[in-house]
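Down below is the structure, laid out as structure tokens.
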Amino acid sequence: MARAPLRDWRICGSLPAHNIKAMDIYKPLVALLAIVNPIGVVPFFIHFTQTFTKEQRQHTIRVSAFSAFVVIAVSAVAGLKVIEFFSITLPSFQVGGGTLLLISSLQMLNAQPAEARQTDVSEGSSKVDAGASIAVVPLTIPLLTGPATISTMVIYAEKTRHWWELAVLVGYGVVVGLVTYAVFSASGRIARVLGQTGISIMTRLMGLILAALAVELLADGLVKLFPVLATHLSS
């Protein structure tokens, strides 16, 4: 009910209602691509796999891409059930998730992967030295996907009203997996063309987009928690 005035304003404006709906349904994909940002993880992928054979590198790429899809799909399908189990209200989760996205965006504005910690590179290097797989940890979790990705999927899953909308969210996981596969497969060429400076610029641009989406989610969650804010904003 709270969104009705906004819907009326949009219909009366210059953009048709069906275009607004189309843009809304693409927001999760934009957010996912900004958070996952495979291009920003390319330097880590190259560092971790520099001693790998071609077969080992291809196996790592396949496992990482599939694991990213699984994290996104499971978060979209089962994330709401988890927070319901812990009796967490959606507005509270939305404010928490929006805050987490904002923190991640600030990290990206400093040219760092959204989900990375300073110890992830050293932990990954140790696993490589020990002969362990780095495809899932730390390459997929947390460098590609993590709490911010999961929070985003849960928040947008709550906004779905039909089964096909939830299927679209799962489909976005497929898109992210394919993009990850393509970027990692072309990591050498990307590193040569963009260089560290180009990759940093791309990461900062994605961070700026993510910051805008985070503020929107935060505002929506705060209005649900404190309806008086909506009254003041509309007056």
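The values are calculated or read from the model by the stated rules, or taken from the named source; none is laboratory data. If you're wondering where the values come from, they're calculated on a predicted model, not measured in any experiment. As a convention, Cβ positions derive from the backbone with ideal geometry for all residues, glycine included, and neighbour counts pool all protein chains shown. The accessibility values were calculated without ligands, DNA or RNA, using every heavy atom of the protein model including side chains. Shrake-Rupley method; radii C 1.70, N 1.55, O 1.52, S 1.80 Å.
Out of Ala65, Ala76, report the one residue that is modelled with pLDDT of 90 or more, touching a Ser or Thr at 6+ places or on another chain (Cβ under 8 Å), in a helix (DSSP H, G or I) and under 27 Å from Gly171 (Cβ atoms). Among Ala65, Ala76, only Ala65 is modelled with pLDDT of 90 or more, touching a Ser or Thr at 6+ places or on another chain (Cβ under 8 Å), in a helix (DSSP H, G or I) and under 27 Å from Gly171 (Cβ atoms). What are the residues in region 149-164 that are buried (at least 16 other Cβ atoms within 10 Å of the Cβ) and at pLDDT 90 or above, if any? Result: Thr149, Ile150, Ser151, Thr152, Met153, Val154, Ile155, Tyr156, Ala157.
Among the residues of region 44-65, those that are in contact (Cβ under 8 Å) with a residue 24 or more places away in the chain, open to solvent by 40 Å² or more (accessible area, probe 1.4 Å) and within 26 Å of Arg204 (Cα to Cα) comprise Ile46, His47.
Inspect all residues belonging to region 196-211 and state whether any of them is on the phi < 0 side of the Ramachandran plot, open to solvent by 30 Å² or more (accessible area, probe 1.4 Å), among the small types (Gly, Ala, Ser) and touching a residue at least 40 places away in the same chain (Cβ under 8 Å). No: zero hits. I want to confirm something. Restricting to region 216-232 and keeping residues that are hydrophobic (A, V, I, L, M, F, W, C) and open to solvent by 80 Å² or more (accessible area, probe 1.4 Å), which single residue is farthest from Thr49 (Cα to Cα)? Among residues in region 216-232 that are hydrophobic (A, V, I, L, M, F, W, C) and open to solvent by 80 Å² or more (accessible area, probe 1.4 Å), the one farthest from Thr49 (Cα to Cα) is Val228. In the set (1) in contact with a helix residue (DSSP H, G or I) (Cβ under 9 Å, 6 or more places away or on another chain); (2) modelled with pLDDT of 90 or more, the condition left unmet by Lys224 is number (2). For region 101-116, taking the residues that are open to solvent by 30 Å² or more (accessible area, probe 1.4 Å) and either modelled with pLDDT of 90 or more or over 16 Å from the mean Cα position of the chain (by Cα) (or both), the one that is farthest from Leu225 (Cα to Cα) is identified as Asn110.
In region 178-195, how many are crowded, with 17+ Cβ neighbours inside 10 Å and more than 22 Å from Ala111 (Cα to Cα)? If you could, list the steps in order and put the result at the bottom.
So in region 178-195, the residues crowded, with 17+ Cβ neighbours inside 10 Å come out as 179-181, 183-184, 187, 190-191.
Still in the running and more than 22 Å from Ala111 (Cα to Cα): none.
The number of residues fulfilling the criteria is 0.
Name the pairs whose Cβ atoms lie under 7 Å apart, with the first residue in region 155-177 and in contact (Cβ under 8 Å) with a residue 24 or more places away in the chain, the second open to solvent by less than 20 Å² (accessible area, probe 1.4 Å) and among the aromatic types (Phe, Trp, Tyr), and 6 or more positions between them or separate chains? Within 7 Å, the pairs are Leu169/Tyr156.
Is it the case that Ile88 is farther than 22 Å from Ile190 by Cα, open to solvent by 40 Å² or more (accessible area, probe 1.4 Å) and hydrophobic (A, V, I, L, M, F, W, C)?
On the way: farther than 22 Å from Ile190 by Cα: yes; open to solvent by 40 Å² or more (accessible area, probe 1.4 Å): yes; hydrophobic (A, V, I, L, M, F, W, C): yes.
Taking the combined requirement at face value, the residue satisfies it.
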